[in-house]
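The structure appears below as structure tokens.
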Number of protein chains: 4
Amino acid sequence: MSFNTYGHLFRVTTWGESHGPALGATVDGCPPGVPLDAAAIQVWLDRRKPGTSRYTTQRREADEVEILSGLYEGQTTGTPIQLMIRNTDQRSKDYSQIEDKFRPGHADITYWQKYGIRDPRGGGRSSARETAARVAAGGVARAALGVLAPEMTITGYMIQMGDRRIDRDRFDMDQIDRNPFWVPDAEAAGEWGAYLDGLRKDGQSVGAMIELRITGAMPGLGAPVYAKLDTDLAAAMMSINAVKGVEIGEGMNAAALTGTDNADEITMGPDGPVYGSNHAGGILGGIATGQDIVLRFAVKPTSSILKPRRTITRGGQETEIVTTGRHDPCVGIRAVPVAEAMAAAVMLDHVLLHRAQVGPTPRGRIGQP
Amino acid sequence: MSFNTYGHLFRVTTWGESHGPALGATVDGCPPGVPLDAAAIQVWLDRRKPGTSRYTTQRREADEVEILSGLYEGQTTGTPIQLMIRNTDQRSKDYSQIEDKFRPGHADITYWQKYGIRDPRGGGRSSARETAARVAAGGVARAALGVLAPEMTITGYMIQMGDRRIDRDRFDMDQIDRNPFWVPDAEAAGEWGAYLDGLRKDGQSVGAMIELRITGAMPGLGAPVYAKLDTDLAAAMMSINAVKGVEIGEGMNAAALTGTDNADEITMGPDGPVYGSNHAGGILGGIATGQDIVLRFAVKPTSSILKPRRTITRGGQETEIVTTGRHDPCVGIRAVPVAEAMAAAVMLDHVLLHRAQVGPTPRGRIGQP
Amino acid sequence: MSFNTYGHLFRVTTWGESHGPALGATVDGCPPGVPLDAAAIQVWLDRRKPGTSRYTTQRREADEVEILSGLYEGQTTGTPIQLMIRNTDQRSKDYSQIEDKFRPGHADITYWQKYGIRDPRGGGRSSARETAARVAAGGVARAALGVLAPEMTITGYMIQMGDRRIDRDRFDMDQIDRNPFWVPDAEAAGEWGAYLDGLRKDGQSVGAMIELRITGAMPGLGAPVYAKLDTDLAAAMMSINAVKGVEIGEGMNAAALTGTDNADEITMGPDGPVYGSNHAGGILGGIATGQDIVLRFAVKPTSSILKPRRTITRGGQETEIVTTGRHDPCVGIRAVPVAEAMAAAVMLDHVLLHRAQVGPTPRGRIGQP
Amino acid sequence: MSFNTYGHLFRVTTWGESHGPALGATVDGCPPGVPLDAAAIQVWLDRRKPGTSRYTTQRREADEVEILSGLYEGQTTGTPIQLMIRNTDQRSKDYSQIEDKFRPGHADITYWQKYGIRDPRGGGRSSARETAARVAAGGVARAALGVLAPEMTITGYMIQMGDRRIDRDRFDMDQIDRNPFWVPDAEAAGEWGAYLDGLRKDGQSVGAMIELRITGAMPGLGAPVYAKLDTDLAAAMMSINAVKGVEIGEGMNAAALTGTDNADEITMGPDGPVYGSNHAGGILGGIATGQDIVLRFAVKPTSSILKPRRTITRGGQETEIVTTGRHDPCVGIRAVPVAEAMAAAVMLDHVLLHRAQVGPTPRGRIGQP
């Protein structure tokens, strides 16, 4: 990862500000011959798009992606793919007051201190709007994975919103797409709507916990010791706006366990090793075991709230601020498709890395003569 | 981060296996004119060294670092610094059985699957012994920070071991160096000794939670959006063996908060902005606020335990394994100096990145005309 | 350099094909606070623009750059700068025959073999049109150098076209902008016009040699041993379409010299070291001496000519091809602004690298107590 | 390439100074399962070793490589390979005078100016001794190519020394290993010995031109547009000490040609495309055609000569210097194995890059249905 680029071989550079003419992603390193068009990417952008339910910002963005390069007759050519999304609903008047006042919890003050200049309109580069570019790039990664690792699935869902958690006994993956919160628990989804309505009317916001599950990752995918698959996934999640923690498998709870509790015993199944449990979250030593990869991350509550908060101006005066404008009461909701996109990019990147160093398949065999 | 290298400008490549002739770190990008000698690095290695208390592995390694390049007359020259540590106590007989059997919770099976070849002696490259090289490189980073950011401090300490947690009311930084667990709580330290003795005698192991506190980080240090300071710190921690989760500021708990709870209000002090709280953990939008940077990470219990566990052989036979040999009942203890070292490297790297793009100081001023 | 990106800290990723909707450059790592607008970049693009004289391709491209991100109120903000140039005159009918036939001397056949798919319209990604994006990015680099190294100048000019060479006795930098060939020799310029007219009418093309002179590079700029300033400049030149060789100082002629001939003796002047000659071309050990940096590179003749040439089709049939369409009889002409742009990016990159590792100025002093 | 590292996926970091305890190369990204031992690398080091004939420096270095990591039972494991070479004959007394005086043509003055500190003993990091590490790393690359591209050959040879050139009519690859100059012309070899003896006795030195020929490179190897195969090869050569120019195919001579002269016509042979000539030097658009890759580079005369030369001291005093000590009268001789090693690393790197993005073979077919 460098300033605005991530990935080793599948390299994505995002660009653009919240209220500039456009934003996008420059995607380099995609394999050739991958079927792709704007519609295939738009599917993912539409999942993230603001204004689709009353639980996300009412800013109305078409979020239509244009592919400016890298395709020929419906396939990738192996050259850079430029994905551009025009900003259409910028309403910069909403943001005039924040040119001078720093919004608590936002990057206004740190960008100012670092650079001595910042685009204050909508948070500029630090706006969550940057994540649209991530989702677009993730669409390219998904398409390439469809060719190179078709058995892989990547699914994000919310497991906690504020003090509400899902009930694991009601866990149902089929529910995820049926509610505006991506919650795999129908009952929770119903209750959380009312909860969030109350918070929104109150000008309040709330945090969230997202879980990400990746199935079908080939054993051997990943790499020691600084390009670990879990390191790369964790970094990808931590780079998303408002994320404050990330964990894999047992995660933070691993601190409380004994070695006996935590051991994932191994037996032999008809298709290879079978694990009795998955405390590891599908990764050992930075390399996939072939089990499901399970990780979770926490998103802080939206910092833009209608409650007055103390702050200072650029000139050093103390003042108060109420962040009006259109904001998500729970940014965690839109973090779900963003996290999926980031995970897709990381997984594709590791498919390419493995192919480079080792070849298309795991090199070690178990149980064959 | 590439396979065995981390850092943007201060680049560290570690090399070596647990039972090879030596291991080390190749450090590139260090500023010239930094006072440095082997003794200055040895200080940090001695904190991590195995065999110093009965709570860590009884493997006795001198862990003496030799500096093979990059110095002249006691100062760095700006050229690569090669840090080599000879392995002196290898006892490879202890590890003969694991050539064929995969130890649950270890990377034995995934390295085998990925590469089709692995050095089984002591876990080879996936051994925690690799972290000695990290600590040595961290010593170089500490020395350079001593010149470029002398006001910065980096301190790690244990806050949880198994189900024991410190009492924050007894928190005392001065205690950290006075007990073998790096615990800032004298009473806990006493109790945990007995707890760990019990576990060790039982052939058991236990997880741990480490907190890292960095003071004196200049406002403006860090970078959006994929080289975020918190992203780089999180990746650095996740790359350490056995780490399963990392969080900053409120961390995973941020999911449960409301926006009102989470806002760090800002007022104006004599020297600049003053924050009423530090839910953010000292970083906003990937850039330091100037507050303390606070992060935590969880280390899983040592996978090598004296309890028999089910596993398979390379040939696919089901079997049991008891990992004899010399192991830490709580690898979290030695993770403390390792985490400090990784943090030092990340902080120096960002000092250099900031200097490159912006200059030696923050560019934006608050409160001056 | 990775696939479509160059630079260590000032990183430029170009994207786009000759006949796609647009092409451009994603520029990351630019310092904040640099005055910049589209007009400042357009100046450089206009120098490269096709169709401005009868000696370059008659394709008429407006080559108008749009800046889509990274600016606020006329200054760079330190975030990515997206430079987009729309393709307006694509005439893809001109290129229909080359979908199937490989043009000798072009990358048609190698792109096909590598990727199994290619955009044949105008050469797709391998078209010299890609260099417009380089020139735009170079405009950003020039602007940043204007702030960080205002004393630096970067000037390219043609010294040979086919078998014609300039007369060094008539060398006059002021002539460069006064003729369509960027030749620092008024007499040569006149004669070369007639020469090139003849070649053009004959459907022929010709090679060229360009010299690049960089003045005002601070002693100490550059870096050993693989990021050498001359290595990076050479790579930048070699990456330009049709460049077949690059040399610095005495260059290829150095093979013929003795040590006595080649030594640049040093004396002491009022402002520091003074060199009696510049066989080294301004760089020793990859680091600038402070003398002029002088390099040269050769551009092969345009491969698209009106002479029939033997080739094969994708299906393996032997055939002939005559490349009609609008082409430069000497692509070396337009290589001059491209080389200047690449050099500007490299020089800025090294200014940032030096600032990161050492600070804003050289660290060693000569002659001061 | 960063400061002391080269390669995209096969990454080599060299370290060490001329008169430190050791120097070496940290090699990351090597595929697993490659047969390798110290002897396989020593073969290449012995070709470069000083003191093997009277035409190279009389410094006697054993140049014995130790492999400290990355192997198990005679094969690479995919983890970093540390190659260390002890310096055994350092004689630092020879170099005492140059601590204060800058040797013309050497990097003494620029290292000093950049860093404000330098190891003057034997030139420190800027010594040609660093190339021993390159040759060792090249040995690893050769071994991996032996598995992944066994049909590839990489051969360097000298074609010019001072004003002597080989006669292409006498060109005989079998002669290369039969004379101390790696000259493919038996008659030239005889004559050049006398020529060089004369120069050496006179305390003089001389430049050289080396040609490198790579056969068996698969069509499709390489990558646009900044990781071009010729760009990477050129950068690799330019990074070698004393190299002042590099060219591919027609090289600098391309400036003088017409398009008709330069076209490499294509016909169809039984195994695929056949080219009527190779003006391109085997690479089009940065991607291999499958023809021989042919490049040349010029090495300047050794700067250390026994003729007094004017220079200055660190304190700014004017003085003279005669560089006594043991030096090669023609450093070009030892540049031959170094260039081969660098080329091997670049070619392997591109084999891995191609495998990552495209797969093990070219993707496009010509002539098949």
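The values are calculated or read from the model by the stated rules, or taken from the named source; none is laboratory data. The structure displayed is predicted, hence computed values, not measured ones. Heads up, the Cβs are rebuilt from the backbone with ideal geometry, glycines too, and the neighbour counts pull from every protein chain shown. Ligands, DNA and RNA are excluded from the accessible area calculation, which covers all protein heavy atoms including side chains. Shrake-Rupley method; radii C 1.70, N 1.55, O 1.52, S 1.80 Å.
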Legend entry - Checking D:R129 against (1) in contact with a strand residue (DSSP E or B) (Cβ under 7 Å, 6 or more places away or on another chain); (2) within 22 Å of D:D292 (Cβ to Cβ), the condition it does not meet: (2)
Inset, instruction - Filter segment A:61-73 down to the residues that are open to solvent by 40 Å² or more (accessible area, probe 1.4 Å) and part of a loop (DSSP other than H, G, I, E, B), then identify the one that is nearest to A:R134 (Cα to Cα). - result: A:E64
Legend entry - Number of the condition not met by A:A341 [criteria: (1) more than 8 Å from chain B (Cβ to nearest Cβ); (2) in contact with a strand residue (DSSP E or B) (Cβ under 6 Å, 6 or more places away or on another chain)]: (2)
Legend entry - Matching option when the condition is of a type in the set (A, V, I, L, M, F, W, C) and over 30 Å from D:L353 (Cα atoms), among A:I293, A:I287, A:I305: A:I305
Inset, instruction - Find the strands (runs of 3 or more DSSP E) located wholly in segment A:262-369 whose residues include 1 or more that are under 18 Å from the mean Cα position of the chain (by Cα), and list them. - result: A:293-299
Legend entry - In segment B:294-312, the residues that are in contact with a Lys or Arg (Cβ under 7 Å, 6 or more places away or on another chain) and at pLDDT 95 or above: B:V294, B:A298, B:K300, B:T311
Inset, instruction - Please verify whether segment B:251-261 includes one or more residues that are touching a residue at least 24 places away in the same chain (Cβ under 8 Å), at the interface with another protein chain (Cβ under 7 Å from one of its Cβ atoms) and open to solvent by 20 Å² or more (accessible area, probe 1.4 Å). - result: no
Inset, instruction - Identify all residues within segment D:282-298 that are facing another protein chain (nearest Cβ under 7 Å) and more than 21 Å from D:G364 (Cα to Cα); write none if there are none. - result: D:A298
Legend entry - Members of segment D:248-261 found to be in a helix (DSSP H, G or I) and modelled with pLDDT of 95 or more, listed by number: D:G251, D:M252, D:N253, D:A254, D:A255, D:A256
Legend entry - Complete set of residues in segment C:262-284 that are open to solvent by 40 Å² or more (accessible area, probe 1.4 Å) and modelled with pLDDT under 95: C:P270, C:D271
Inset, instruction - Return yes or no: is D:M173 of a type in the set (A, V, I, L, M), closer than 30 Å to D:G364 by Cα and under 22 Å from the mean Cα position of the chain (by Cα)? - result: no
Legend entry - Out of B:A143, B:A132, sole residue that is under 26 Å from B:N87 (Cα atoms), open to solvent by less than 10 Å² (accessible area, probe 1.4 Å) and in contact (Cβ under 8 Å) with a residue 12 or more places away in the chain: B:A132
Legend entry - Given (1) in contact with a strand residue (DSSP E or B) (Cβ under 6 Å, 6 or more places away or on another chain); (2) more than 30 Å from A:A107 (Cα to Cα); (3) of a type in the set (A, V, I, L, M, F, W, C), number of the condition B:L221 does not satisfy: (2)
Inset, instruction - Within segment B:1-32, count every residue that is among the small types (G, A, S), open to solvent by less than 10 Å² (accessible area, probe 1.4 Å) and either without any contact (Cβ under 8 Å) to a residue 60 or more places away in the chain or closer than 15 Å to B:L348 by Cα (or both). - result: 1
Inset, instruction - Collect the residues in segment A:226-247 that are part of a loop (DSSP other than H, G, I, E, B) and farther than 19 Å from A:L352 by Cβ, keeping them in residue-number order. - result: A:S239, A:I240, A:N241, A:A242
Legend entry - Output for segment C:344-369, where each listed residue is in contact with a strand residue (DSSP E or B) (Cβ under 8 Å, 6 or more places away or on another chain), farther than 26 Å from C:A137 by Cβ and small (G, A, S): C:G367
Inset, instruction - Taking the residues in segment C:291-332 that are within 30 Å of D:M238 (Cβ to Cβ) and among the aliphatic types (A, V, I, L, M) as candidates, determine which candidate is surrounded by the most Cβ atoms within 10 Å (Cβ to Cβ). - result: C:V299
Inset, instruction - Kindly indicate whether any position in segment B:112-119 is more than 9 Å from chain A (Cβ to nearest Cβ) and touching a residue at least 24 places away in the same chain (Cβ under 8 Å). - result: yes
Inset, instruction - For segment A:305-320, name all the residues that are closer than 15 Å to B:M268 by Cα and of a type in the set (A, V, I, L, M). - result: A:I312
Inset, instruction - Collect the residues in segment C:164-208 that are open to solvent by 40 Å² or more (accessible area, probe 1.4 Å), at pLDDT below 95 and not in a helix (DSSP H, G or I), keeping them in residue-number order. - result: C:P180, C:D202
Inset, instruction - Could you tell me which numbered condition B:A149 fails, if it satisfies all but one of (1) within 14 Å of chain A (Cβ to nearest Cβ); (2) out of contact with any strand residue (DSSP E or B) (no Cβ under 8 Å at 6 or more places or on another chain); (3) open to solvent by less than 30 Å² (accessible area, probe 1.4 Å)? - result: (1)
Inset, instruction - Mind listing whichever residues of segment D:209-229 are open to solvent by 10 Å² or more (accessible area, probe 1.4 Å) and either over 20 Å from C:G116 (Cα atoms) or more than 11 Å from chain C (Cβ to nearest Cβ) (or both)? - result: D:M209, D:R213, D:T215, D:G216
